[in-house]
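Read-outs: derived from the displayed coordinates by stated rules, not from any lab. Just so we're clear, the structure is a prediction, and the values are computed from it rather than from any experiment. Cβ placement follows ideal geometry from the backbone for every residue including glycine, while neighbour counts extend to all protein chains displayed.
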């Protein structure tokens with residue numbers, strides 16, 4: 001009689017192998033997640049830089065001026081707010097871009113969906129996930145009604161007029177429309193016809209509510225407009241003026257000379273006394289270090 005010499009795994013051996021696989025998975029999965037997050041961060045930095053270069057190309061074609069934060073003219077407007085044509089900075093620079101997807105941050109949750117009948121590319125442009133430093137580059141002043149029939153005047157800066165282009169914020173990653181407290185992607189906060197809207201901007205550490213300089217929604221901190229608007233969502237920018245901090249508490253920023261990098265909220269609020277966990281009103285303490293424009297209180 002012949003007996004088989006083939007051996008099978010014992011239950012103990014199988015359990016040991018399963019345990020080893022589980023340990024390796026527990027070690028490797030976080031590494032894979034970190035690698036994926038790092039890749040998304042790289043893409044987001046690239047997107048920010050590409051958008052900033054499109055703005056610089058626009059500036060080169062328009063007498064060195066940066067785009068206004070929103071052009072309220074009706075000619076060619078993709079959308080309307082009331083009777084006002086709505087053309088945000090992201091729409092204005094569209095001729096200098098080949099792909100509207102670079103306006104979306106891969107680190108951010110998807111925007112709320114627009115109606116299926118609305119062109120996808122247009123919705124990307126109207127709800128960008130990078131915000132314009134409009135206070136520094138397209139400040140708004142309020143005064144007598146102008147030729148456009150509104151009391152707001154947007155005053156675009158020039159590239160050569162900045163004292164430190166490499167040290168002035170142009171764009172930064174911001175919140176998704178899925179993170180604010182409004183019910184749909186077509187809703188926005190604004191100051192009225194001719195002003196600016198919450199969907200396409202980020203705010204500086206110190207909000208200069210001064211009729212002689214510029215208007216904005218709110219400063220950084222827990223007492224700001226953004227803290228309630230973003231449902232106390234810190235990573236989306238609730239404490240940092242809508243500037244998101246999705247990667248190791250870092251902001252993704254493009255500068256007026258076209259370079260892009262990440263920086264902490266502390267580094268981005270240099271020259272101020274900002275405390276993002278406080279509801280105190282911040283002030284600029286050293287205008288020579290301030291990164292959000294030459295025109296500050």
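Measuring between their Cα centroids, region 11-27 and region 226-275 lie 43 Å from each other. In terms of other Cβ atoms within 10 Å, 84, 251, 97 run from fewest to most in the order 97, 84, 251. Shape class of region 154-194 from the alpha-carbon gyration tensor: oblate, with a/c at 1.5 or above and b/c at least as large as a/b. What is the helix-to-structure angle for 11-61, meaning the angle in degrees between its Cα long axis and the longest Cα principal axis of the chain, kept from 0 to 90 and rounded to the nearest 10? Between the helix axis and the principal axis of the chain, the angle is about 20 degrees. What the Kirkwood sum gives for region 139-297 is a hydrodynamic radius of 16.1 Å, with every pair of different alpha carbons counted. Full extension of the chain between residue 289 and residue 10 yields a length gain of 93.5 nm, computed as 0.36 nm times the residue separation minus the alpha carbon distance.
When the Cα gyration tensor is reduced to axis lengths a ≥ b ≥ c, the ratio a/c is 1.5 or higher for region 74-176, and with a/b not above b/c it is classed as oblate.
Can you tell me the mean projection area, over all orientations, of the convex hull of region 11-268's alpha carbons? Units nm², please. Projected area, direction-averaged: 17.3 nm².
With neighbour counts taken as other beta-carbon atoms within 10 Å, the residues 17, 135 rank, fewest first, as 17, 135.
Listed by Cβ neighbour count within 10 Å, with the fewest neighbours leading, 83, 52 appear as 83, 52. Relative contact order of the chain: 18 percent, from C-alpha pairs under 8 Å at least 6 residues apart in sequence. What the Cα convex hull of region 142-214 gives, in volume per residue, is 137 Å³. From its DSSP helices (H runs of at least four residues, each -39,500 (n - 2.57)), the chain gives a residue-normalised ellipticity at 222 nm of -8000 deg cm²/dmol.
Taking N as the number of residues in region 16-139, what is its Cα Rg relative to 2.2 N^0.38 Å?
1.46
Ranked from highest to lowest mean number of other Cβ atoms within 10 Å per residue, what is the order of the peptides 173-184, 110-121?
Details: 173-184: 19.7, 110-121: 12.6.
The most tightly packed comes first, giving 173-184, 110-121.
Taken along its three principal axes, the alpha carbon spread of region 217-297 comes to 33, 28, 19 Å, from the longest extent down to the shortest.
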